[in-house]
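Report on the structure given below.
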């Protein structure tokens with residue numbers, strides 16, 4: 001594949017350029033992708049590169065690939081992953097190593113037969129924030145990184161993009177900002193918004209507290225038209241079933257009568 005070969009060449013050129021500067025210890029280490037967990041998902045590094053190329057396709061017909069755009073995103077990913085140090089590799093980032101943390105954060109996913117998107121379900125009402133505050137930042141980081149890579153390698157997310165559905169459960173401002181360390185929150189925001197090669201098509205927010213409503217109105221003045229169109233504050237729970245279809249809603253999720261029996265660790269990785 002020509003695009004894959006071109007991306008590999010850009011990576012090698014960047015690595016060679018850094019080596020010439022004789023700053024090997026930090027600047028070239030990121031290009032080795034030593035913290036990449038692709039093997040834990042049964043993937044090759046080529047699969048990782050392909051995820052970035054798929055992300056960089058033109059929106060219209062998904063035929064043309066902007067290799068330069070893919071490389072810029074890949075460079076951000078390389079830097080972010082390298083900055084985690086040994087957290088993601090000691091121990092290796094396997095499903096079994098993050099299972100308990102995933103259960104605490106209640107992260108779940110499914111595929112909407114109606115829209116074809118991967119759906120990331122996040123239920124604040126099911127999370128015990130007293131427990132999350134006591135968790136080590138490393139354990140939370142590992143859980144979010146593992147789940148993010150699961151999404152990144154998922155064919156539905158690669159082809160159709162992702163939908164995020166969050167039950168805010170009328171959470172208070174203080175409770176929200178103290179449920180995890182601020183540094184970790186900033187790290188994860190950067191990972192999910194500016195690093196991962198996954199296109200988030202829509203954010204559906206339910207049970208938003210007044211402070212989020214006010215915040216969204218203020219932030220809306222600075223948002224692009226495209227970003228505004230992605231944010232949707234649901235007035236009623238039934239909107240989710242109408243838009244996504246009922247078959248993809250997990251059992252016990254929020255106030256919805258979901259029927260999908262899905263765990264926080266997807267079935268295909270339950271034994272890994």
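Observations
- Counting only helices (runs of 4 or more DSSP H) that sit completely within the range 1-100, zero hold 3 or more residues that are in the same structural domain as residue 188 (by TED's automatic domain parsing) and modelled with pLDDT under 95.
- Looking across the range 117-131, the residues that are under 19 Å from the mean Cα position of the chain (by Cα) and either farther than 17 Å from residue 258 by Cα or not in a helix (DSSP H, G or I) (or both) come down to 117, 118, 119, 120, 121, 122, 123, 127.
- Residues of the range 151-174 that are under 29 Å from residue 211 (Cα atoms), in contact with a strand residue (DSSP E or B) (Cβ under 7 Å, 6 or more places away or on another chain) and not in a loop (DSSP other than H, G, I, E, B): 162, 163, 164, 165, 166, 167.
- Taking the conditions (1) without any contact (Cβ under 8 Å) to a residue 24 or more places away in the chain; (2) within 22 Å of residue 190 (Cβ to Cβ) in turn, residue 91 satisfies each one other than (2).
- Residue in the range 229-240 that is modelled with the highest pLDDT, counting only those that are surrounded by fewer than 13 Cβ atoms within 10 Å (Cβ to Cβ) and assigned to a helix (DSSP H, G or I): 238
- Search result, residues across the range 151-174 that are without any contact (Cβ under 8 Å) to a residue 40 or more places away in the chain and at negative phi: 155, 172, 173, 174
- Any chance residue 93 is over 19 Å from residue 164 (Cβ atoms) and surrounded by 21 or more Cβ atoms within 10 Å (Cβ to Cβ): yes
- Annotation note: of 243, 226, the sole residue that is more than 21 Å from residue 72 (Cβ to Cβ) and either outside any loop (DSSP other than H, G, I, E, B) or in the same structural domain as residue 109 (by TED's automatic domain parsing) (or both) is 243.
The values are calculated or read from the model by the stated rules, or taken from the named source; none is laboratory data. Small disclaimer: the values here were computed from a predicted structure and weren't measured. Heads up, the Cβs are rebuilt from the backbone with ideal geometry, glycines too, and the neighbour counts pull from every protein chain shown.
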